[in-house]
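The values are calculated or read from the model by the stated rules, or taken from the named source; none is laboratory data. Quick caveat, the model's predicted, so the values are computed rather than measured. Neighbour counts run over all protein chains shown; Cβ positions are idealised from the backbone, glycine included.
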Amino acid sequence: MLVKKSKYYTIRKTSICNSGYGIFECENDNKCVLIACSYIRDEAT
């Protein structure tokens, strides 16, 4: 029987990115890979 892997994307804190946040691609809640750094922009300033 073939088990289908579910993929999802999430933003997490990471020390790898200068901004402190990265976008991760995850499979089945246990294997996540950093795919991009995200930059948080404050619209109030």
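Taking the options C17, C37, name whichever one is modelled with pLDDT under 90 and surrounded by 12 or more Cβ atoms within 10 Å (Cβ to Cβ). Answer to the selection: C17. For the stretch 1-14, a residue qualifies if it is modelled with pLDDT under 85 and of a type outside the set (K, R), and the qualifying residues are M1, L2, V3, S6. Considering the stretch 20-30, and only residues there that are at pLDDT 90 or above and farther than 11 Å from I40 by Cα, the residue that is surrounded by the most Cβ atoms within 10 Å (Cβ to Cβ) turns out to be F24.
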